Structure formats: structure tokens, C-alpha cells
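Q: Mind looking over this structure? Questions follow.
The values are calculated or read from the model by the stated rules, or taken from the named source; none is laboratory data. The shown structure was predicted, so the numbers you read here are calculated from the model rather than taken from an experiment. We place every Cβ from the backbone using ideal geometry, glycine too, and count neighbours over all the protein chains shown.
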Amino acid sequence: MEGVFPTRDEEIANLQKAIDLKKDAGAETGKANALHEEHNKYYEAGDKELARGKLADSKAHREKAKEIHEQSFDLAYKGAMSMALKALYSKYPSVDYHVFLVDPYQQSFLVIIDMMKKYGQFGRKDFLVIPGEGQHSDASKGPSIRPHFEKWMADNNIGNEKITSGSFSIILADVQPL
């Protein structure tokens, strides 16, 4: 299995790149919003020609933001799937989401659980999930993934054991099929 999957360092580097891309997408969105505001001012002032130019520029930045966001999501989702595939062959399966963005986490988590239930190689009844404590989240908003994960466990009556404040062992049999 050596060499087939990215190393943990490569996974972390790709996840950091996904985070950086998400920030870049946010910057492009900010530019688009500012240009749209300029469009509104010129339009209200009667300069329709300049307003159209600002609107076209705004749309171009929105498209660029969308493309960058999709690159970020794809990179992070692939990272989650890589970890999931490795976990299938581990005696102590786990997926570490502590540096993830919320969107790829939400899209990948149930797929990973389903894979563990169907294809896990060692018949474990539990699975370690590390949503993290929130240190990598936006400080003004607090943890982003852990609250989603805790709510999902509560809403779906998933048996779990809190290992640390940022990791949980969940009971696979409690997870309903997709």
C-alpha cells in the first residue's frame, strides 16, 4: 500500500492549499461585491456605459470565485476520500477532519461511514472521527465542524464515546445506510 496513497504530510499540504483557495475565492467575491456597488453608483448617477463595464467586471470576478471555490472543494473532498480509503485497511480506522472546511466534510462524511460499514477490513464496531476542537476555524465564529458533527450524532441517535474534546469514537451499527 506504500506509495499508493498520499502521505499524511501530503494530505495536510493539500488541505492547506484548499483552505488558501477558499480564502482566494472569498477575496474574488469581495472584489465582485465592490465592483457591483460601483455599478450601482454609476447606474444611479446616469452613467449607464460605465455601469455596464463595472457589472461585467463584477460578473467576471464572481465566475473566478466560483471556479476557485470548486477547486478548493475538490481538493478537500479528495483528501477526505484518501483518508477514508486508508482507514478501510487500518486496524484502528479514523478520519481526521480537524483542518477541513465544512462543505467537503459534509459531502464526504456519510460516504466515508458507508464505506467503513461495507468494506472495512477488520470488522471494527467503532470508528474514530476527529472533528477537532476548532483551533483552525475562524476565531470570530468558533468551531465549524465539531458542532455539525455533534448535532448529527444527536439527531441520529449515534452511539459514541467522547475520547477528547476534539475526537469521538462512533458505533458504526448505529449509522443508518445511505
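Q: Within region 76-93, track down each residue that is touching a residue at least 40 places away in the same chain (Cβ under 8 Å) and not small (Gly, Ala, Ser). Reasoning before the result, please.
A: Of region 76-93, the ones touching a residue at least 40 places away in the same chain (Cβ under 8 Å) are 76, 78-79, 82-83, 85-87, 89.
Matches in region 76-93: Lys78, Met83, Leu85, Lys86, Tyr89.
Q: For the list (1) outside any helix (DSSP H, G or I); (2) at pLDDT below 80; (3) among the hydrophobic types (A, V, I, L, M, F, W, C), I need the number of the one condition that Ala84 fails.
A: Here Ala84 clears every test but (1).
Q: Still on this structure: Hey, could you check region 57-68 for residues that are within 20 Å of the chain's Cα centre (by Cα) and surrounded by fewer than 19 Cβ atoms within 10 Å (Cβ to Cβ) and say which is nearest to Glu38 (Cα to Cα)?
A: Within region 57-68, the match that is nearest to Glu38 (Cα to Cα) is Lys64.
Q: Report the residue count in region 147-173 for those that are surrounded by 14 or more Cβ atoms within 10 Å (Cβ to Cβ) and outside any strand (DSSP E or B).
A: 10
Q: Further question on the same structure: Please enumerate the residues belonging to region 87-103 that are of a type outside the set (A, V, I, L, M, F, W, C) and modelled with pLDDT under 70.
A: Passing the criteria: His98, Asp103.
Q: Need the failing condition index for Gln71 against (1) surrounded by fewer than 17 Cβ atoms within 10 Å (Cβ to Cβ); (2) modelled with pLDDT of 70 or more; (3) touching a Phe, Trp or Tyr at 6+ places or on another chain (Cβ under 7 Å), just the number.
A: All conditions pass for Gln71, except number (3).
Q: Residues being closer than 22 Å to Ala87 by Cα and either in contact (Cβ under 8 Å) with a residue 40 or more places away in the chain or in contact with a strand residue (DSSP E or B) (Cβ under 9 Å, 6 or more places away or on another chain) (or both): count how many of those fall in region 8-33. Talk me through it step by step, then tell me what you get.
A: Here is the first cut: in region 8-33, the residues closer than 22 Å to Ala87 by Cα are 8-16, 18.
Checking which are either in contact (Cβ under 8 Å) with a residue 40 or more places away in the chain or in contact with a strand residue (DSSP E or B) (Cβ under 9 Å, 6 or more places away or on another chain) (or both) leaves us with 8, 11-12, 14-16, 18.
So the answer is 7.
Q: Could you go through region 118-125 and let me know if any residue there is at pLDDT below 80 and buried (at least 20 other Cβ atoms within 10 Å of the Cβ).
A: no
Q: Output the number of residues of region 32-56 satisfying the condition of being buried (at least 17 other Cβ atoms within 10 Å of the Cβ) and among the basic types (Lys, Arg).
A: Qualifying residue count, region 32-56: 1.
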